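The values are calculated or read from the model by the stated rules, or taken from the named source; none is laboratory data. Keep in mind that this is a model prediction, so the values were computed, not measured. Cβ placement follows ideal geometry from the backbone for every residue including glycine, while neighbour counts extend to all protein chains displayed.
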Amino acid sequence: MNPYPLTPFEEALDLVLQHTQRLDVEEVLFHEALGRVLAEDLCAAGPMPPFRASAMDGFAVIADDQAEWLEIVGDQWAGPAAALAVSPGHAVRITTGAPLPPGANAVVPIENSHEHDGRVRFDRNVKSGDNVRPVGEDMVAGQLVLPTGAVIGPAEIGLLASMNHIRPPVYRRPIVAVLSTGNEIVEPGAPIAPGQIRDSNRYTIMSSVVQAGGIPMSMGIVPDEESALCDAFRRGLQQADVFISSGGVSMGEHDLSRVLIEAWGTVHFGQVKQKPGRPTVFATVDRHEFPRRRLIFGLPGFPVASLVSFENLVRPALRKMAGHARLFRPTVEARLTHPIRRKGNRVEFQRARVEWHNGEWHATVTGLQTSGRLLSLAGANALLRLPIGIKQLEVGDTVIVIRIDQQEIADPDI
Ligand code: AMP
Ligand code: MG
């Protein structure tokens, strides 16, 4: 018998997040900060643009100049300011992004100009400030540009570059050790004997860690043998913030992962009222030999169970460690394209595809939903979240769908 009470899913998620702390701060190169979370407010050191800049290719002029023909006194390219000024009756040829010469207050676009013999005439008037980007138009000196908690995307990387924040402070990404357990598990590519199974969990979990913003660390495959498992736990906990094992958490005689987790950490739950993924274990390790708290997740061996448990219970923890305020995927309401019959005694996450047509989402489950059938997740873009008590659903009924192909949204409770 599993000695642990069946913890309701929401309670299990709360326990995970309660025991999860944001990691420390490190400085990284701005162009390597994609997806990271900023740990400090960053302000503009100076104005942007830092000088009055032309917004067009054309002629720098004085806006209310009355002369019909202006004499072209020189060229100002984007780059260093030429020793030029604009006085009444004169113009300077100018390119986009070039500093406006002293005296000028507007730029006439090239397409409104007619040049002849070193002079220029315009067929349209300009007002003071036309086609000129004033100092600080984009941002003024001291302005808060990127607040603490900002997630760094391409635009943020561009802002870091223009503000010269070369090494922005960001939260560290969690290092996640991933171990497969079981006497029957073999490395893909190696010879396989009857009764053996190729290791898929380590690779599905490590790629999920990457997608969640963590750094995966492979701990290999360990047989159901106490000293080998203990050694793997020691090595993993020394190096990683999070230790994830799969297999060995159900009721069999060889299910030793649970025993090792109990030996190393404090177990917060050992069974979750969810389907798939019921035998999921969560523990924390606070030991003086480790610089900070470690988390252990003992995921079930069945490939779908381990991946769905990762999605629902591990991923939010990794996001929290990396400094994100947005921990969860967006959900949408969708209409079922077929009936569902089920027991309804646990919250269930069925794998599905949702598609948008006629102004609504439509959800179709991906075939047989057994927890060993990894094919039920291939091509799935959603998990149907079916609450306890719902046993029967018909075509057209509305269900809540977790978009596992989408980015996170804010959760007001976190
Ligand atoms: P367990 O939780 O160890 O009893 O494993 C449950 C089922 O999942 C068994 O059929 C295992 O063979 C299978 N399994 C366990 N670990 C893996 C793995 N790393 N890759 C693929 N299948 C696995
Ligand atoms: Mg096993």
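In table form, for the structure just shown:
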read-out	value
Long-range neighbours under 7 Å by Cβ, at least six apart or interchain, first residue closer than 23 Å to G153 by Cβ within the stretch 312-336, second modelled with pLDDT under 95 and of a type in the set (G, A, S)	A325/A410; R326/A410
Members of the stretch 261-281 found to be surrounded by 24 or more Cβ atoms within 10 Å (Cβ to Cβ) and within 16 Å of ligand 2 (Cβ to nearest atom), listed by number	I261, P276, G277, P279, T280, V281
Residues of the stretch 203-215 satisfying the condition of being within 14 Å of ligand 1 (Cβ to nearest atom) and surrounded by 15 or more Cβ atoms within 10 Å (Cβ to Cβ)	Y203, T204, I205, M206, S208
Helices (runs of 4 or more DSSP H) fully within the stretch 257-373 counting 2 or more residues that are more than 23 Å from E11 (Cα to Cα) and not basic (K, R)	257-264
Wholly enclosed strands (runs of 3 or more DSSP E) of the stretch 138-200 bearing at least 2 residues away from ligand 2 (no atom under 16 Å from the Cβ) and of a type in the set (S, T, Y)	none
Q66 farther than 29 Å from E311 by Cα, without any contact (Cβ under 8 Å) to a residue 24 or more places away in the chain and loosely packed, with under 13 Cβ neighbours inside 10 Å	yes
Of all residues making up the stretch 201-220, the number that are hydrophobic (A, V, I, L, M, F, W, C), within 16 Å of ligand 2 (Cβ to nearest atom) and assigned to a helix (DSSP H, G or I)	1
Candidates V308, V347, V365, V395, filtered to the one that is aliphatic (A, V, I, L, M) and surrounded by fewer than 17 Cβ atoms within 10 Å (Cβ to Cβ)	V395
Selection within the stretch 164-202 - within 13 Å of ligand 1 (Cβ to nearest atom) and either among the β-branched types (V, I, T) or closer than 22 Å to G35 by Cα (or both)	V178, T181, I185, V186, I192, I197
Residue in the stretch 281-289 that is within 28 Å of the chain's Cα centre (by Cα) and within 13 Å of ligand 1 (Cβ to nearest atom) present	yes
Identity of the residue in the stretch 221-235, part of a helix (DSSP H, G or I) and crowded, with 19+ Cβ neighbours inside 10 Å, that ends up farthest from ligand 2 (Cβ to nearest atom)	F233
Test: residue in the stretch 357-369 that is away from ligand 2 (no atom under 16 Å from the Cβ), farther than 17 Å from V401 by Cα and at pLDDT below 95	yes
Selection status of L70, of a type in the set (A, V, I, L, M) and out of contact with any Phe, Trp or Tyr (no Cβ under 8 Å at 6 or more places or on another chain)	no
Residues (surrounded by fewer than 16 Cβ atoms within 10 Å (Cβ to Cβ) and part of a helix (DSSP H, G or I)) located in the stretch 236-254	Q238, Q239
Pairs where the first residue, in the stretch 17-35, is of a type in the set (S, T, Y) and the second is surrounded by fewer than 16 Cβ atoms within 10 Å (Cβ to Cβ), C-beta under 9 Å, 6+ apart	T20/R293
Residue check, V135 buried (at least 19 other Cβ atoms within 10 Å of the Cβ) and either within 25 Å of D57 (Cα to Cα) or at pLDDT below 95 (or both)	no
Cross-chain or 6+ apart pairs with Cβ under 7 Å, the stretch 213-231 first and free of Cβ contacts under 8 Å to residues at least 40 places away in the same chain, then outside any strand (DSSP E or B) and within 12 Å of ligand 1 (Cβ to nearest atom)	E226/L256
Extreme residue, nearest to R287 (Cα to Cα), among residues of the stretch 226-271 that are charged (D, E, K, R) and within 13 Å of ligand 1 (Cβ to nearest atom)	R258
